[in-house]
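Below is one structure, written out as structure tokens, with a few remarks after it.
The values are calculated or read from the model by the stated rules, or taken from the named source; none is laboratory data. These numbers come from a predicted model, not from an experiment. When we count neighbours, we look across all protein chains shown, and the Cβ atoms used for this are built from the backbone with ideal geometry, even at glycine. Only protein heavy atoms, including side chains, enter the accessible area calculation; ligands, DNA and RNA are left aside. Shrake-Rupley method; radii C 1.70, N 1.55, O 1.52, S 1.80 Å.
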Amino acid sequence: MEGKGSSLWRDRNFMVFWGSQTLSVAGDSFALIAVPLLVLHVTGSVARMGLLTGLASAASVAAGVFAGVLADRLDRRRLLIWCDLARMALYGIVPVAWAFGPKIWLLYVILPAAEAIGMVFQVTYVTVVRTLVEPSRITEANGRLGATSAAAGIGGPLLAGVVAGWAGPTAAIAVNAASFGISALGVVMIRFGRRTTASQPAPPAPPSPEASAARGVQQAGESPEDQEARGPWREMLAGARFLWRQPVLRALTVLLSFFIFLTLGLTDVLIYHLKHDLGQPDRAVGAVLAVAALGTVAGSLLVGPVRRRLGFGASWIGAIAVAGLAVVGLGTSGGVPAVAVAAAVYLGCVSVAGIASMSLRQQVTPDHLLGRVTSAFWTIHFSLGPAGAAVLTWGAQRHGVAVVCLLAGAACLLIAFAAFFTPIRQPNPELSGATG
């Protein structure tokens, strides 16, 4: 760990973690395009694409129930490595099996399993970021990770579109499998600077601002030994109790759950719009998603300055509102450039809102609860997603992309409006006591 105020550029652990995860995201973006294309090429149905997305999301939600417990009880470094290796093996099966002929059913087995393991990885990933950097640099670190991951996502979809067009979608999935091996190697090279297992003694209650978050949640902030004595089910619910007793985190969890219901299927709808409505080739799909990723880069780089200047509430509410307008624009765009711009604006706003929300949870949650709080948040957050993806894609095929995007965008604007009447509007909830 570097001393307080030191540059992240000089922190070897963070730099290695940053680089390996960026390369992993670049490879993972291949599957983002390749899997829907495999389904579309064989079945020609956006509804089948939505069903696969929904099943994968449901598996992710189910894994979220126990992911936080694993992250808090096991060695987090080893857990990250095993998650990467397992996903490498799962995705590696697809190109091998496809060599003997299309097997759509296999995707409905592998993708949910990979997404479930991915949920465990993502929960653990959030917990280890705080072990790599000083508390004052959490938002900056999250922003850099998000920005470079998105930057890698620019080249990834472009290359994925080219590879899928020349060698087929299964070749793109093979690249994705290899990327998880790179991620595992990067984690092997890292030594975390703080406690990374819940088997070690829990730290004392932190001072302000974290102390304000811990007030009134003595039960949720018990030591791991006390939690174990009360039973594994209550231990899993500790994160949910912590979220419920924090007014800002509670409001964020509820509103973001509705937001994910409205937007989880947007990637499938976007691909369907480009392929079906606009008649574009696979390369164009990759190009649009690559351009759209520029929005995530911009949002990740801007979230730190925007939050410092406008405060948490204005940043989050404004991002959700503009995202809703972008969704409307996505459905009404009749050309590829306009679709790409609308997608970029949407992803940029989602990045700002998501990083601000994640950083707040990291700032106010005790370390020995962070895995369970993250797991509880994502489990609740994604619980409506599978149904939303199915409804969104079914609606796009039945009534058209324009109608679906108009309704979804208007609903996102309602979410932003509702946030004005919750503690989310606070400029600095981690300092004001609004979290406790």
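Stretched out straight at 0.36 nm per residue, the stretch from residue 309 to residue 45 would grow longer than its current Cα-Cα span by 90.5 nm.
Distance between the C-alpha centres of segment 254-297 and segment 372-436: 17 Å, rounded to the whole angstrom. Per residue, segment 355-436 exposes 37 Å² of solvent-accessible protein surface, assessed with a 1.4 angstrom probe and all protein chains in place.
Full extension of the chain segment joining residue 254 with residue 420 gains 58.4 nm, where the gain is 0.36 nm per residue of separation less the Cα-Cα distance. Across segment 301-306, computed HN-Hα scalar couplings (Karplus, 6.51 cos²θ - 1.76 cosθ + 1.60, θ = phi - 60°) run 6, 8, 4, x, x, 5 Hz from first to last residue, x flagging Gly and Pro.
Remark: relative contact order (segment 282-436) = 37 percent; criterion is Cα-Cα distance under 8 angstrom and separation of 6 or more residues. The stretch between residue 99 and residue 332, if pulled fully straight at 0.36 nm per residue, gains 79.9 nm over its current Cα-Cα span.
With the cut-off at 1.5 for a/c, could you classify segment 312-405 from its C-alpha gyration tensor as rounded, prolate or oblate? Because a/c hits 1.5 or more and a/b fails to exceed b/c, segment 312-405 counts as oblate.
Between residue 12 and residue 140, the modelled label-to-label distance comes to 2.1 nm, taking each label 7 Å out from Cα in the direction of the beta carbon.
Using a 1.4 Å probe on the protein chains only, how many percent of the accessible area of segment 302-436 belongs to carbon and sulfur? Its accessible area is 73 percent carbon and sulfur atoms.
Does segment 380-429 come out rounded, prolate or oblate by the C-alpha gyration tensor, with a ≥ b ≥ c the root eigenvalues, rounded set by a/c under 1.5 and, if not, prolate when a/b is larger than b/c and oblate if not? The shape class here is oblate.
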